[in-house]
């Protein structure tokens with residue numbers, strides 16, 4: 001069983017990221033599991049770029065892993081930044097035409113003159129990336145033909161000459177290793193002999209999920225890290241008869257979505273914090289007019305412009321409460337690249353069933369990292385449509401009729417005899433404007449109560465580790481994998497720990513969480529990537545009487561970098577010690 | 001669909017407007033135009049923003065959507081692109097159109113969806129009791145401008161022409177026949193149309209007396225395809241011209257979107273499975 005972390009670092013804009021991506025896809029095509037993590041500068045050219053790829057032959061990968069097994073450093077800065085994270089006995093592959101590392105016996109070092117080979121043998125400096133891949137395939141066993149296959153697909157259109165240069169560079173890198181280096185390490189990345197995996201980024205996966213859900217109208221405004229959703233759908237959605245509109249701002253984006261929803265189509269927008277801020281007024285309208293709509297917020301570090309290329313989970317409270325007045329909505333947290341696909345289907349189904357805006361939280365880390373997943377079986381996907389008025393309901397149509405589940409039949413233009421005017425003004429069941437306190441209370445109650453049905457859905461939380469733990473880890477969103485991995489490690493060490501991961505964040509799954517805690521949990525750790533511990537305070541405010549003596553430890557980390565398993569394991573150990 | 005009279009296009013809901021409000025005239029002209037064109041109510045949507053004029057949708061027998069302040073145009077766009085068979089009419093005031101929502105207009109011009117936009121322009125914010133709007137005159141004294149406004153008004157027609165909206169017209173709520181004709185013509189226009197309708201606020205900025213002498217019909221000799229000439233008319237300071245300034249059909253947004261779908265080789269069959277292959 002193999003499980004290795006590779007990291008590539010170098011100058012931004014020089015192909016470091018695409019080198020890592022080619023490596024990733026070659027591994028996935030070899031049936032290996034992969035999990036990438038990247039950081040790059042907000043600027044287009046220049047600055048330091050890094051991509052990390054965790055590769056395994058059996059495990060489903062839950063996190064980016066701890067430390068680095070193989071560091072590929074294209075320049076001195078990459079070495080300076082990342083060498084300390086290279087494990088003892090790890091492998092440093094570096095470009096010795098750029099720099100020489102300090103002498104130490106801690107790691108195995110392979111000097112390879114990427115630059116020199118590229119310049120002297122190929123005559124094109126940027127082919128150094130292909131040289132590096134050739135060396136890597138020779139050193140660690142990734143089949144060279146997988147790289148060739150990918151290069152052909154990527155550069156084939158650019159003509160035979162370009163293709164030839166890249167092949168030559170790849171071969172030169174491999175030859176250099178064969179002729180000059182002796183393998184001293186044990187790292188082997190060999191085909192797993194299984195079905196090839198798809199490699200998807202979180203944003204690609206969620207976009208595909210949206211298409212699978214029946215998305216027909218997408219509107220959005222470019223913003224990091226959500227732009228790739230706009231770009232992906234601009235290419236793919238028309239193929240299934242849908243339309244994509246790049247609007248003049250995020251307000252217009254949600255406006256188009258609500259208009260399309262009014263017309264009876266499934267519609268969504270995706271944005272990040274600054275754009276989501278602009279949407280808040282329109283969000284209230286969606287709640288008031290009871291329109292299905294899906295809004296993806298790919299969170300980035302804020303406030304204001306913040307750090308556009310760094311992740312944070314700091315828009316939780318905003319997603320729950322954004323807008324004036326009291327406007328209940330549904331908030332979901334996507335947890336992994338695979339969950340991005342299925343999570344979007346759940347989001348659309350909830351939006352349609354409950355006639356509500358659904359805010360889907362992802363983040364820069366999940367949006368842009370890639371992982372291997374098995375191809376979803378599209379025939380087994382269950383897609384839900386909104387409730388339409390029956391012929392009888394049409395005769396005295398009441399758009400906001402109070403029903404046993406508080407969900408009303410929704411007419412769409414084109415239907416005869418069910419005319420109504422949607423409005424942001426308070427209204428009666430029939431949709432007539434009304435300013436009476438009693439009516440307002442009645443309709444507020446309807447809008448709140450209808451969402452309680454969401455909490456009856458079977459998938460709203462996942463649990464891991466010990467079923468009746470003493471220490472519980474409750475995180476949210478993209479923290480799922482790393483928490484699960486940390487809990488598995490802690491369980492192996494005999495610690496009585498378990499994890500509960502809510503997929504629904506609002507309405508708050510209070511009952512199910514309290515029941516879980518009431519089984520004997522003494523301490524709860526809440527890891528989340530924000531400064532103030534937003535979920536932890538939400539959790540505290542929802543503890544029922546018997547659970548109020550449970551110690552809630554907020555593990556909040558700002559800074560824009562996701563957790564590693566060991567960070568969480570060490571907190572679990574601390575917590576377990578208190579209760580030993 | 002059995003033929004409906006103009007009166008049948010009106011619902012039983014009593015408008016909230018003050019007696020004498022210009023918006024009554026606009027509502028009448030709209031219903032007359034709907035009757036003349038025999039528009040099917042079930043395939044018609046009136047969308048509005050916020051303001052006195054924004055209350056119009058439920059007064060017309062059709063589907064309606066009373067949205068938020070300044071956002072009528074993107075919402076109308078969503079309605080239209082999701083179902084291009086619908087007749088979509090957007091209505092609102094001058095504050096809605098040219099102040100809070102002004103940023104959407106140039107993009108409507110660029111996209112050119114077949115949506116009629118009727119702006120009920122009275123130079124004031126009636127619903128908030130009479131502050132100056134973007135079309136109120138320089139020096140207008142209101143509660144929010146006790147020493148007179150210091151921002152000159154903008155010229156909606158010149159602005160619409162500059163943005164190259166494909167149908168630009170001005171009407172007056174007091175000239176009902178002419179307004180009905182403008183609305184009918186706008187509904188026949190393929191593409192985005194903006195009708196700036198002078199619709200006086202009898203309560204806060206009553207211009208019923210001073211307006212009529214300034215009004216004049218767009219000269220019959222005016223070539224509506226001549227944008228430069230349309231500008232000249234729009235910039236005339238001695239007269240307020242009523243009628244069609246500019247009309248020039250070009251591909252609509254819904255047509256172009258259809259083109260994108262065709263270009264992507266849509267087969268009409270869900271091909272999610274094929275898209276997955278790009279990631280294998």
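The slack in the chain from residue B:4 to residue B:280, taken as 0.36 nm per residue of separation less the alpha-carbon distance, amounts to 93.5 nm. Across segment B:7-279, how large is the tail of the calculated P(r) beyond 35 Å, expressed as a percent of all Cα pairs? In whole percent, the share of Cα-Cα pairs in segment B:7-279 beyond 35 Å is 17. Per residue, the Cα convex hull of segment A:179-297 amounts to 183 Å³.
Taken over segment A:315-470, the alpha-carbon convex hull comes to 194 cubic angstrom per residue. Pull out a ≥ b ≥ c, the square roots of the eigenvalues of the alpha-carbon gyration tensor of segment A:199-380, then state rounded if a/c is under 1.5, prolate if not and a/b is larger than b/c, and oblate in the remaining case. Rounded is the answer for segment A:199-380, as its axis ratio a/c remains below 1.5. Each label was represented as a point 7 Å from its Cα along the Cα-to-Cβ direction; for residue A:441 and residue A:394 these points are 3.7 nm apart. For peptide B:39-47, the mean count of partner chain Cβ atoms within 10 Å of a residue's Cβ comes to 4. The calculated FRET efficiency for the pair residue A:462 and residue A:85, based on their C-beta separation and a Förster distance of 22 Å, comes to about 0.15. Seen through its C-alpha gyration tensor, with square-root eigenvalues sorted a ≥ b ≥ c, segment A:307-392 comes out oblate because a/c lies at 1.5 or above while a/b is not bigger than b/c.
For chain A, the longest principal axis of the C-alpha atoms and the axis of helix A:128-140 are separated by about 80°.
Shape of segment A:415-470 from its Cα gyration tensor (a ≥ b ≥ c, root eigenvalues): rounded if a/c is under 1.5, otherwise prolate when a/b > b/c, or oblate? Taking the square roots of the gyration eigenvalues as a ≥ b ≥ c, segment A:415-470 is prolate.
The stretch between residue B:14 and residue B:99, if pulled fully straight at 0.36 nm per residue, gains 27.8 nm over its current Cα-Cα span.
With R₀ fixed at 56 Å, the C-beta to C-beta distance from residue A:60 to residue B:238 puts the FRET efficiency at about 0.10. Spin-label pair residue B:162-residue A:510: with each label point 7 Å from Cα along the Cα-Cβ axis, the two points sit 5.4 nm from one another.
Label-to-label distance for residue B:37 and residue A:224 is 4.6 nm, based on points extended 7 Å past Cα in the beta-carbon direction. May I ask for the angle, rounded to the nearest 10°, between helix A:280-289 and the longest principal axis of chain A, with both axes built from Cα atoms and the value confined to 0 to 90°? Helix A:280-289 sits at roughly 40 degrees to that axis. Placing a label point 7 Å from the Cα of residue A:549 along the Cα-to-Cβ direction, the residues of segment A:479-519 whose backbone N falls under 18 Å from that point are A:514-519. Shielding of peptide A:421-429 by partners, expressed as the average count of other chain Cβ atoms within 10 Å per residue Cβ, is 5.
Averaged over the residues of A:232-245, the number of partner chain Cβ atoms lying within 10 Å of the residue Cβ comes to 6.
What the Cβ-Cβ distance of residue A:188 and residue A:403 gives, at R0 = 45 Å and to the nearest 0.05, is a FRET efficiency of 0.15. Of A:324, A:48, the sequence from fewest to most neighbouring Cβ atoms within 10 angstrom is A:324, A:48. Dividing the convex hull volume of the alpha-carbon atoms in the protein assembly as shown by its residue count gives 196 Å³ per residue. Here the gap between residue A:235 and residue A:449, fully extended at 0.36 nm per residue and compared with their Cα-Cα distance, gives a gain of 73.1 nm. Per DSSP H run of at least 4 residues, take -39500 (n - 2.57); add these up for the protein assembly as shown, divide by its residues and hand me the 222 nm value, nearest 500 deg cm²/dmol. Using -39500 (n - 2.57) per qualifying helix, the result is -10000 deg cm²/dmol.
Bear in mind these aren't lab numbers, they're just calculated from the coordinates by the rules spelled out. Just so it is clear, the model here is predicted, and its values are computed rather than measured. Cβ sites come from the backbone with ideal geometry, for glycine too, and all protein chains shown count toward neighbours.
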